[in-house]
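Here the structure is laid out as structure tokens; the discussion comes afterwards.
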Amino acid sequence: MTFQQYQDYFDAILNTSEPQPPYDNESYLQYAKLNGSRSQRWLKQNPLTEATKKIVTAIAQKQQWVVITEPWCGDAAHIVPILYLMSQLNDKIDFKLQLRDTDSEIEQYLTHGTRSIPILVVRDEKGTDLFHWGPRPAAAKKVYEELKEQQADFEAAKIALQQVYNADKSLGIQEEVSRLLLEHSKN
């Protein structure tokens, strides 16, 4: 789906009187509402750095960027808008999204055996994978692993990860994806 179709899907979840599963569960619906506002904030702020802009605009060959995600995913609320903004810098990038739980390719991109999202898959114009990245930048991965080791409850983990994303201001996402783009460029 296109980014606009994803946004429309998100809006439909938030504006229906009878949400479909899993959004018929109040917790999932609240996550989606919060994630919707976080995503919109990133889109409005557009925090892309000059270094990111330079790297992405220099892409000379067509690429396909596929992001596997879901509206309920807290990490996705911070990552998907940044990836979308990056993709909009170069018309050689075809940006699409797949819903993890509906006909996605997630089984090919498992993280330690789990279906963690979001995952960015970057392919050349023939559809050959150049690389994949995700489900979160290094700073968030580190905090997540520490919390997992401590067996922190979900609420504590959610707050800690939110703090990481706010403090990082999307720089980790931009730097990590940009580095991979440079490593796999065919200029």
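Of note:
- Note on segment 13-29: among residues that are of a type outside the set (Val, Ile, Thr) and surrounded by 13 or more Cβ atoms within 10 Å (Cβ to Cβ), the one that is farthest from GLU155 (Cα to Cα) is PRO19.
- Of all residues in segment 157-187 being assigned to a helix (DSSP H, G or I) and of a type in the set (Ser, Thr, Tyr), the one that is nearest to TYR84 (Cα to Cα): SER178
- Of all residues in segment 24-50 being not charged (D, E, K, R) and not in a helix (DSSP H, G or I), the one that is farthest from GLN174 (Cα to Cα): ASN25
- Evaluated against (1) within 25 Å of GLN162 (Cβ to Cβ); (2) hydroxyl-bearing (Ser, Thr, Tyr); (3) out of contact with any helix residue (DSSP H, G or I) (no Cβ under 7 Å at 6 or more places or on another chain); (4) surrounded by fewer than 18 Cβ atoms within 10 Å (Cβ to Cβ), THR49 falls short on exactly one condition, (3).
- Only one entry of LYS142, LYS92, LYS148, LYS126 meets the criterion of being modelled with pLDDT under 95, farther than 20 Å from GLY36 by Cα and surrounded by fewer than 17 Cβ atoms within 10 Å (Cβ to Cβ), and that entry is LYS148.
- Taking first residues from segment 142-158 that are farther than 16 Å from THR114 by Cβ and partners that are of a type outside the set (Phe, Trp, Tyr), the Cβ contacts under 8 Å between residues at least 6 apart in sequence or on separate chains come to VAL143/ALA160; VAL143/LEU161; VAL143/VAL164; ALA152/ALA160; ALA156/LEU147; LYS158/GLY74.
- Residue in segment 96-107 that is closer than 18 Å to ASP75 by Cβ, more than 14 Å from the chain's Cα centre (by Cα) and surrounded by 17 or more Cβ atoms within 10 Å (Cβ to Cβ) present: yes
- Close Cβ contacts (under 9 Å, 6 or more residues apart or on different chains) running from residues in segment 92-105 that are in contact (Cβ under 8 Å) with a residue 24 or more places away in the chain and within 17 Å of GLU125 (Cα to Cα) to residues that are in a loop (DSSP other than H, G, I, E, B) and aliphatic (A, V, I, L, M) comprise LYS92/ILE59; LYS92/ALA60; ILE93/ILE59; LYS96/MET1; LEU97/MET1.
- Residue in segment 110-117 that is surrounded by 14 or more Cβ atoms within 10 Å (Cβ to Cβ) and either touching a Leu at 6+ places or on another chain (Cβ under 6 Å) or more than 21 Å from ALA77 (Cβ to Cβ) (or both) present: no
- Of the residues making up segment 144-187, just one is of a type in the set (D, E, K, R) and on the phi > 0 side of the Ramachandran plot, namely LYS169.
- Criterion violated by SER17 - all others in (1) in a loop (DSSP other than H, G, I, E, B); (2) touching a residue at least 12 places away in the same chain (Cβ under 8 Å) satisfied: (2)
- Among residues of segment 29-44 that are without any contact (Cβ under 8 Å) to a residue 24 or more places away in the chain, those with a Cβ under 7 angstrom from a residue that is surrounded by 20 or more Cβ atoms within 10 Å (Cβ to Cβ), sequence gap 6+ or separate chain, pair up as LEU29/TYR23.
The values are calculated or read from the model by the stated rules, or taken from the named source; none is laboratory data. Only a predicted model underlies this, so the values are computations on that prediction, with no experimental measurement involved. Because the Cβ atoms are built from the backbone with ideal geometry, glycine has one as well, and the counts that use them run over all protein chains shown.
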